[in-house]
Amino acid sequence: NAGVTQTPKFQVLKTGQSMTLQCAQDMNHEYMSWYRQDPGMGLRLIHYSVGAGITDQGEVPNGYNVSRSTTEDFPLRLLSAAPSQTSVYFCASSYGRNEQFFGPGTRLTVL
Amino acid sequence: GQQLNQSPQSMFIQEGEDVSMNCTSSSIFNTWLWYKQEPGEGPVLLIALYKAGELTSNGRLTAQFGITRKDSFLNISASIPSDVGIYFCAGPSFVSYSGGGADGLTFGKGTHLIIQP
């Protein structure tokens, strides 16, 4: 099992550009989520999904979109990148919401 | 919203020492999770606690679910260099951000563990 995979590992964007961060898991987990990690802030929930076709917003959803068309994939879209979105992004999956398995992260810089 | 307060923020210790850290909340949690994050990696789950008073070990790591349900503790015995990293506590959120069902985890800001050989 590959577990939770994320691509790309690193990305640099210009303000206003859009992009999609990819996340996939091969553990047949229903629950998937996206977090961002900023220095001194811990991890904060952006969006989550409890199954294919079902998504909901977390603590910091503004500027991000998600969709869940399959159990395996949960992409995160940045609609119009802003410098405030410079962060490390982690995708996670689990059977329920508790014991979440995290991917290796995507380090995003917005200039 | 819910907040988890971790202390200490950082620890500088000698190899072989025992380590203690804790996590407190103003809200009651019914699950406590402890994660470790190494540089450039995602958090890795160390221990999950589901009952007040529960004491669970994972090798040299021991975690306890506080009786009040508002705190949890993590101890590392006989630290070694590979214990270096950031240790996070986490618990299930009760806050619904969209007016719908509440979900997701709330994380503390972490305890940085630095070990001097």
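One table, with the values for the structure above:
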quantity	calculated
Breaking point among (1) open to solvent by 10 Å² or more (accessible area, probe 1.4 Å); (2) touching a residue at least 24 places away in the same chain (Cβ under 8 Å), for A:F74	(1)
Candidate set: the stretch A:78-101, residues that are modelled with pLDDT of 95 or more and open to solvent by 60 Å² or more (accessible area, probe 1.4 Å); chosen: the one nearest to A:G51 (Cα to Cα)	A:S80
Residues of the stretch A:30-46 classified as surrounded by fewer than 20 Cβ atoms within 10 Å (Cβ to Cβ) and touching an Asp or Glu at 6+ places or on another chain (Cβ under 6 Å), total	1
Residues (farther than 24 Å from A:V4 by Cβ, open to solvent by less than 70 Å² (accessible area, probe 1.4 Å) and in a strand (DSSP E or B)) located in the stretch B:69-88	B:D71, B:S72, B:N75, B:I76
Every pair of residues 6+ apart whose Cβ atoms lie under 6 Å, when the first sits in the stretch A:89-111 and is at the interface with chain B (Cβ under 9 Å from one of its Cβ atoms) and within 10 Å of A:Y31 (Cα to Cα) while the second is among the charged types (D, E, K, R) and surrounded by 16 or more Cβ atoms within 10 Å (Cβ to Cβ)	A:R97/B:D103
Strands (runs of 3 or more DSSP E) contained in the stretch B:1-68 and holding at least 2 residues open to solvent by less than 20 Å² (accessible area, probe 1.4 Å), touching a Ser or Thr at 6+ places or on another chain (Cβ under 9 Å) and not hydroxyl-bearing (S, T, Y)	B:19-25, B:32-37, B:44-49, B:61-65
Identity of the residue in the stretch A:47-71, open to solvent by less than 40 Å² (accessible area, probe 1.4 Å) and away from chain B (no Cβ under 14 Å), that ends up nearest to B:I86 (Cα to Cα)	A:G63
Wholly enclosed strands (runs of 3 or more DSSP E) of the stretch A:8-110 bearing at least 1 residues under 23 Å from B:H112 (Cβ atoms) and among the charged types (D, E, K, R)	A:31-38, A:42-51, A:106-110
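The values are calculated or read from the model by the stated rules, or taken from the named source; none is laboratory data. Source: prediction; values computed, not measured. Here the Cβ is made from the backbone with ideal geometry for all residues, glycine too, and neighbour counts use every protein chain on show. The protein model used for the area step is the full one, side chains on, heavy atoms only, and it has no ligands, DNA or RNA in it. Shrake-Rupley method; radii C 1.70, N 1.55, O 1.52, S 1.80 Å.
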